[in-house]
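Below is one structure, written out as structure tokens; the observations come after it.
The values are calculated or read from the model by the stated rules, or taken from the named source; none is laboratory data. Quick caveat, the model's predicted, so the values are computed rather than measured. Reconstructed Cβ throughout: ideal geometry from the backbone, glycine too, with neighbour counts over all protein chains shown. Please note that ligands, DNA and RNA were not included when accessible areas were found on the heavy atoms of the full protein model with its side chains. Shrake-Rupley method; radii C 1.70, N 1.55, O 1.52, S 1.80 Å.
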Amino acid sequence: MELNFSKEEEAFRIEVRTWLVEHLNGDFANVKGKGGAGEQLEHFDERVVWEQFLAKAGWAAIGWPKALGGRDASLMEQVIFAEEYANAGGPGRLAHIGLELAAPTIMVFGTDEQKARFLPKIRDAEEMWCQGFSEPGAGSDLSNIRTKATLVDGQWVIEGQKTWTSHAQHSDWCFLLCRTEEGSKNHKGLSFLLVRMDQAGVDVRPIKQLTGDAEFNEVFFDGAVTAEANVVGGVGNGWKAAMTTLTFERGVSTLAQQANFRNELDEIIELAKGNGKAKDPLIRQRLAEAEMGLRVQRYNALRTLTNADSGTFSREGYITKIFWATWHRELGKLAMDVMGPEAELICQDEDYKMQRLQNLFLFSRSDTIYAGTNQVQRNIIAERALQMPKEPRGA
Amino acid sequence: MNFSFSEEHNLIRETAKGFLAVSSSNTAVREWMETDKGYEDAFWQTLACEMGWAMLAIPEEYDGLGMGYVELAIIMEEMGHRLTGSPLFATICQGAQALIQGGTGRQKAELLPEIAMGTKTATLAFGANGSFGIDDITFEWMPTETGYNLTGKASQVIDGASADIIIVAARHKVSREVKMFIVDQSAVTSTNLKTMDQTRRMASVEMEDISVGKDAILEGGYDEFVKVCNISSIMLAAEQLGVARWCLDASVTYSLDRVQFGRAIGSFQSIKHKCSDMMVLVESGISCVYYAACVIDAGTDELAEAAPTAKATLTSSAMTCAGECIQIHGGIGITWEADAHLYFKRARAGEQLLGSPTWHREQMAVAMGL
Ligand SMILES: Cc1cc2nc3c(=O)[nH]c(=O)nc-3n(C[C@H](O)[C@H](O)[C@H](O)COP(=O)(O)OP(=O)(O)OC[C@H]3O[C@@H](n4cnc5c(N)ncnc54)[C@H](O)[C@@H]3O)c2cc1C
């Protein structure tokens, strides 16, 4: 065990920091600190430009192989980058669904043609992506998907409805889990299709959320089409591909978040010091507990990463999602208690606009729902890590 | 950065596990509970010498093996998992630490080799609250012509009535400067206390105007004392991790075995979810304890945060897991015969020992500048 970062890792940290600090205090000062929890749509266009700038400088997808325009960065270097990015006030990553979900899945299961067609544009933030998994009848029970695609004259024709689709309203592409085998049930007969959003058969309707913003959408497919070749992992293998995507969603890609959590907690600590709440014995206890919880997340992530790097199987990876989600939801509550009566007053010069910590409070309720609810996470832990009996299925 | 167990670590753990599975059975634990000291001398000799656990973390120059705190934490975790009765915690994680961190060269050379061989046991006495702030110290010292004069009383000193050497932390009567002293068991009045947790002995240790020589005072002062207590807090957290892990394992095993309503109770979601929550505590606990142990090895200031984090987190986690373990066992969990109550009581004792979770969170709050 060695807790210190190596000389090379430290040098990498300095390189990242120097670059980020220079640009986030220079040309891109306007996006610094934007796009946090519940504020995903803030300064959207400027943030797209920032994403493209990151890509040009080779910082967009450092974990990718050099051949694909990445830096072959180790997991530890990716953590360092994420930490420095958050420390420097880097804005919420708009390209993350493409970079962290679509691209890795395509890398694992895609054909060479698919890799060549899609990966560079994901890396360069020229094409934005959304995730078309959930449906009105298929949430936790994802395999209950009904949206279907049929091959007609060499292309897939899609009928059905997706929901809770984040960022669909400004996405160029969607990776869509749908039924390609007539009459198939559950996880059989599903395929993972790549579908262009800007076409007649796709109708995106934003859904207003508790914050007043509309980050997710309903998406209707009515005769939408995509080329026959745009299926990832082969026809009928969609479940396998989708599960891989979910592993990315629940796993390593959450590390960047931790550095953002650090910023949020620091903001709450500063507020508590400023308004005297830090003297309230119960608030002190909760702030200390939040600090400890954040540290434990970091320790656990470091352990997961080292084990992942060396291919050792261990159980700690299972707890990542439920741990951070529950911690973050608690932080939202703590933020309100630190704000005190002020917590009730939103921006006074606008219709219905939250302040930062209010957005954190409200939007953190979704953390324990998306990417597998806390209950689903507990089922997974019990059944896979502890080998307890599986849930019975209804008819 | 490399935060995973090495082959050597795994070997140490497997050896400890295998050995304790046989020698620290629940029958043995219940026998130790009935003894005066809470452990058996012969068995302690085996642990100390044959297994090498007393010498493990003692520097090589004092006849130890010079291994690190990660290795020691592994042993503590496995002993917690089996509730093994032994003076290892008080001797190595408290008494010997005080000598290692604060002793003079001569004191170390004289005492550490004997401790490493298991021929001398030790402990640390300082207060009555468990916590180790300067105001918690209940002994006072004054210099005399021939050495020092010590007065005061500490309660709940681990192995306080059996340890050969008692390291006493005391405050100067006037200046409040904290110093530590080596005191022989024969010089104090020590009385075993009846405690709820019977797997570990606690004693009150009283000294009324006793004199010790000039060579009894340790070099280190308050900083070293706090460092020692932080190290012992982390080792206690390792023990409590073992307790939590036992409770998880026992709960899962029992829930797969016990049938009600025509199915294993482990197929009920509320039971599964309890076990999942326990696993979250255990796995995050492993990360937390061993990170903290690495921090001791690294010798950095981060100890001031890693120790309260480990102590507060793991003692709370052990308590939660031990409580759920009783619940999952139903009526059997309430019996004397089942082991669940032994772990529940050990978990409770560990919460208070060396400062409650609330106290440790306050230490963190201070470290955060709140
Ligand atoms: C902010 C946000 C963004 C999202 N973005 C996307 C996106 O971009 N793309 C996408 O495809 N999806 C997205 N989702 C959808 C998300 O994946 C689903 O909401 C989630 O899978 C839960 O499904 P559901 O909403 O239908 O709830 P349900 O599955 O109906 O769950 C309702 C309640 O029942 C509980 N429950 C369900 N099954 C079980 C069980 N077996 N055992 C115990 N309890 C159970 C749940 O825990 C929950 O408490 C997003 C969701 C949110 C909140």
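Here are some notes:
- Test: B:M79 is at pLDDT 95 or above and surrounded by fewer than 22 Cβ atoms within 10 Å (Cβ to Cβ): no
- Residue in the range B:283-292 that is surrounded by fewer than 24 Cβ atoms within 10 Å (Cβ to Cβ) and aromatic (F, W, Y) present: no
- Unmet requirement for A:R286, which otherwise passes all of (1) at the interface with chain B (Cβ under 10 Å from one of its Cβ atoms); (2) among the basic types (K, R); (3) touching a residue at least 60 places away in the same chain (Cβ under 8 Å): (3)
Residue by residue, here is whether (1) hydroxyl-bearing (S, T, Y); (2) open to solvent by 50 Å² or more (accessible area, probe 1.4 Å) holds:
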residue: A:E2; (1), (2): no, yes
residue: A:S6; (1), (2): yes, no
residue: A:F12; (1), (2): no, no
residue: A:G38; (1), (2): no, no
residue: A:F44; (1), (2): no, no
residue: A:Q52; (1), (2): no, yes
residue: A:A61; (1), (2): no, no
residue: A:G70; (1), (2): no, no
residue: A:Q78; (1), (2): no, yes
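- Residue count for the range B:302-361, restricted to those that are assigned to a loop (DSSP other than H, G, I, E, B), open to solvent by 10 Å² or more (accessible area, probe 1.4 Å) and farther than 21 Å from A:L282 by Cβ: 7
A quick yes/no check of all residues on (1) within 14 Å of chain A (Cβ to nearest Cβ); (2) farther than 12 Å from B:A244 by Cα; (3) at pLDDT below 95:
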{"residue": "B:I328", "(1), (2), (3)": "yes, yes, no"}
{"residue": "B:I334", "(1), (2), (3)": "no, yes, no"}
{"residue": "B:D339", "(1), (2), (3)": "no, yes, no"}
{"residue": "B:F344", "(1), (2), (3)": "no, no, no"}
{"residue": "B:G355", "(1), (2), (3)": "yes, yes, no"}
{"residue": "B:T358", "(1), (2), (3)": "yes, yes, no"}
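- Residue check for B:R200: over 28 Å from B:T84 (Cα atoms) and of a type in the set (K, R): no
- Out of A:L177, A:L190, sole residue that is more than 14 Å from chain B (Cβ to nearest Cβ) and either surrounded by fewer than 16 Cβ atoms within 10 Å (Cβ to Cβ) or within 12 Å of the ligand (Cβ to nearest atom) (or both): A:L177
- Qualifying positions in the range A:345-366 - away from the ligand (no atom under 16 Å from the Cβ) and either open to solvent by 40 Å² or more (accessible area, probe 1.4 Å) or not in a helix (DSSP H, G or I) (or both): A:L345, A:I346, A:C347, A:Q348, A:D349, A:E350, A:D351, A:Y352, A:K353, A:Q355, A:R356
- Candidate set from the range A:378-395 (those that are within 9 Å of the ligand (Cβ to nearest atom) and part of a helix (DSSP H, G or I)); member that is farthest from the other protein chains (Cβ to nearest Cβ): A:N379
- One residue from A:I369, A:I380 being of a type in the set (V, I, T), open to solvent by 30 Å² or more (accessible area, probe 1.4 Å) and under 29 Å from B:K274 (Cβ atoms): A:I369
- For the range A:320-346, a tally of residues being at pLDDT below 95 and of a type in the set (D, E, K, R) returns 1.
- Some residue of the range A:264-287 being under 19 Å from the mean Cα position of the chain (by Cα) and under 30 Å from A:P206 (Cα atoms): yes
- Matching residues, the range A:110-142, being within 16 Å of the ligand (Cβ to nearest atom), in contact (Cβ under 8 Å) with a residue 24 or more places away in the chain and exposed (fewer than 15 other Cβ atoms within 10 Å of the Cβ): A:P136, A:S140
- Of all the listed residues (B:Q240, B:Q269), the sole one being modelled with pLDDT of 95 or more, more than 16 Å from the ligand (Cβ to nearest atom) and among the polar types (S, T, N, Q) is B:Q240.
- All strands (runs of 3 or more DSSP E) inside the range B:92-174 with 1 or more residues being more than 25 Å from B:E351 (Cβ to Cβ): B:139-143, B:147-158, B:165-172
- Boolean, B:G266 is in contact with a helix residue (DSSP H, G or I) (Cβ under 7 Å, 6 or more places away or on another chain) and free of Cβ contacts under 8 Å to residues at least 24 places away in the same chain: yes
- Qualifying residues in the range B:61-76 (those that are open to solvent by 10 Å² or more (accessible area, probe 1.4 Å) and among the aliphatic types (A, V, I, L, M)) - the one farthest from the chain's Cα centre (by Cα): B:L65
- Residues that are within 16 Å of the ligand (Cβ to nearest atom) and either of a type outside the set (D, E, K, R) or out of contact with any Phe, Trp or Tyr (no Cβ under 9 Å at 6 or more places or on another chain) (or both) do not occur anywhere in the range A:61-73.
- Any hit, the range B:271-279, residues being open to solvent by 10 Å² or more (accessible area, probe 1.4 Å), in contact (Cβ under 8 Å) with a residue 24 or more places away in the chain, more than 13 Å from chain A (Cβ to nearest Cβ) and hydrophobic (A, V, I, L, M, F, W, C): no
- Residue check, B:L99 open to solvent by 10 Å² or more (accessible area, probe 1.4 Å), in contact (Cβ under 8 Å) with a residue 24 or more places away in the chain and of a type in the set (A, V, I, L, M): no
Residues are listed down the side, and each one gets a yes or a no for (1) in contact with a strand residue (DSSP E or B) (Cβ under 7 Å, 6 or more places away or on another chain); (2) touching a residue at least 24 places away in the same chain (Cβ under 8 Å):
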site	(1), (2)
A:Q161	yes, yes
A:S171	yes, yes
A:L194	yes, yes
A:Q199	yes, yes
A:R205	yes, no
A:L210	no, yes
A:E228	yes, yes
A:W239	yes, yes
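- Lone unmet requirement of (1) more than 8 Å from every other protein chain (Cβ to nearest Cβ); (2) of a type outside the set (A, V, I, L, M); (3) open to solvent by less than 30 Å² (accessible area, probe 1.4 Å) for A:N307: (1)
- Filter pass, A:Q297 being away from chain B (no Cβ under 13 Å) and polar (S, T, N, Q): no
- Residue that is open to solvent by 60 Å² or more (accessible area, probe 1.4 Å), of a type outside the set (D, E, K, R), out of contact with any Pro (no Cβ under 6 Å at 6 or more places or on another chain) and not assigned by TED's automatic domain parsing to the domain that holds A:R146, where the choices are A:N275, A:N263: A:N275
- Only one of A:E342, A:E330 that is part of a helix (DSSP H, G or I), open to solvent by 10 Å² or more (accessible area, probe 1.4 Å) and farther than 19 Å from A:Q285 by Cβ: A:E342
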